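Presented below is the structure to which this report refers.
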Amino acid sequence: MSAEPFLREIGGGVCAARGVTASAVTAGIKKSGRPDMTLLCFDPPAQSAGVFTRNKVCAAPVLLCRERVGKGPLRAILINSGNANACTGKQGLQDARRLTQSLAKHLGCPPAQVVMSSTGLIGQPLPVGLMERALGRLVRSLAPGKGREAATAIMTTDTRSKEAAVEIELPGGGSVRLGGMTKGAGMIAPNMATMLAYLTTDAAVSSRVLLSALRKAADLSFNCVTVDGDTSTNDTVIFAATGASGVRIPGGKALGRFRAGLGRVCRELALAILRDGEGVTKVVEIRIKGAASPADAKRAGRTVAESLLVKTAFFGGLPNWGRIFAAAGRSGAKIAPERMSLRIGGVPVVRAGAPVEHWEAPLAPVLKRPEFTVELHLGAGRAEGTVWTTDLSYEYVKINADYRT
């Protein structure tokens with residue numbers, strides 16, 4: 001997973017960090033009978049930071065998280081799948097408060113140290129009584145080795161759990177661990193994070209440093225992936241630091257390595273979402289070069305990545321590069337058409353605004369690969385940016401024609 005010599009891939013996912021325990025149970029929220037409630041617990045209580053959906057229609061648990069994350073010690077995160085608790089009015093927030101208060105009693109901590117996330121159907125009230133009856137089982141079954149179980153229980157239309165973790169060697173000796181889990185397969189085009197993601201570390205780090213590092217890492221990972229162009233009502237990323245390693249991150253090179261480890265885990269989790277995207281058969285890196293500014297690079301990349309014509313061409317293996325140029329041209333980014341160039345999977349397709357001779361034959365096998373890179377030069381400057389996207393298949397339509405949100 002890592003090319004940096006100071007990063008080592010490890011197992012454990014969200015429980016890789018010392019001081020983190022997890023559990024998962026089936027409460028009965030999902031009709032399928034699969035696990036649907038997860039608990040992450042931090043001992044000692046963690047410093048925390050979070051980034052949340054910018055959708056103006058946001059779910060009750062997001063409102064509760066905004067009140068509590070980063071405002072004091074964090075003891076636990078309660079997560080349910082199968083019900084988003086979104087568009088549920090005042091009752092939705094009351095239900096979230098009630099559940100976190102009940103969990104706090106089980107844990108013997110103040111309610112302000114407990115937060116909650118939900119994912120699933122929108123517009124349905126939480127089955128609070130059912131969920132409260134499951135809290136005791138969640139607390140009793142907490143254990144440090146249950147990262148995979150936790151990652152599985154937060155799934156909705158996902159087909160597999162998504163985890164990543166690294167150990168970070170620090171200058172002068174010592175190491176810390178950083179891990180995470182995420183879920184998401186559709187409604188992925190976040191303006192800050194992804195569907196749900198939870199990151200943990202055993203480093204001793206302040207909430208202020210966590211938030212700064214998280215914002216940058218999310219902007220270069222979760223904010224750079226798109227499956228369908230829709231931003232969820234429940235998007236949440238929470239980063240918790242237990243300090244259980246006893247190792248502080250003072251700044252300088254140590255902080256640089258810590259940020260690199262966080263960036264690596266976030267990127268792996270973000271790409272795992274794409275690879276498990278609803279109906280996805282191909283994952284494509286859109287690499288923009290020659291932009292007038294980083295904002296223009298991101299603007300052009302996202303427009304290409306979210307174009308339905310481009311995505312369906314990827315699915316069909318069509319060498320219709322004109323769709324890529326057309327998307328870039330309407331993005332609002334500055335471009336110089338006579339200087340634009342395009343390479344797909346390393347194959348030169350367009351140079352100086354005109355097609356290269358005999359480009360189609362070498363491109364055909366590239367478009368059949370499950371993953372490849374599109375490199376588009378706008379000819380307007382030196383800025384660069386990257387967005388990751390997927391194709392759009394018949395299966396995506398079938399899934400979302402049948403799945404109520």
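The values are calculated or read from the model by the stated rules, or taken from the named source; none is laboratory data. In this text the structure is predicted, and so the values were computed from the model without any measurement. With ideal geometry, Cβ positions are generated from the backbone for all residues, glycine too; neighbour counts draw on all protein chains shown.
Below, the figures for the structure above:
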read-out: Criterion: in contact with a Lys or Arg (Cβ under 6 Å, 6 or more places away or on another chain), in contact (Cβ under 8 Å) with a residue 24 or more places away in the chain, within 30 Å of residue 203 (Cβ to Cβ) and in a helix (DSSP H, G or I) - qualifying residue of 260, 272, 254; value: 272
read-out: Residue list for segment 97-122, restricted to those being crowded, with 20+ Cβ neighbours inside 10 Å, in contact with a Ser or Thr (Cβ under 8 Å, 6 or more places away or on another chain) and within 23 Å of residue 43 (Cβ to Cβ); value: 114, 115, 116, 117
read-out: Subset of segment 1-27 that is at pLDDT 95 or above and more than 28 Å from residue 73 (Cβ to Cβ) - its residue that is nearest to the chain's Cα centre (by Cα); value: 9
read-out: Conditions (1) buried (at least 17 other Cβ atoms within 10 Å of the Cβ); (2) over 19 Å from residue 265 (Cα atoms): number failed by residue 154; value: (2)
read-out: Cβ pairs under 6 Å, 6+ apart, first in segment 204-225 and within 20 Å of residue 184 (Cα to Cα), second modelled with pLDDT of 95 or more and of a type in the set (A, V, I, L, M); value: 214/49; 217/262
read-out: Odd one out for residue 62, checked against (1) more than 26 Å from residue 164 (Cβ to Cβ); (2) in contact with a Phe, Trp or Tyr (Cβ under 6 Å, 6 or more places away or on another chain); value: (1)
read-out: Complete set of residues in segment 282-303 that are aliphatic (A, V, I, L, M), part of a helix (DSSP H, G or I) and touching a helix residue (DSSP H, G or I) at 6+ places or on another chain (Cβ under 7 Å); value: 300
read-out: Members of segment 250-282 found to be under 30 Å from residue 368 (Cβ atoms), surrounded by fewer than 20 Cβ atoms within 10 Å (Cβ to Cβ) and of a type in the set (A, V, I, L, M), listed by number; value: 271
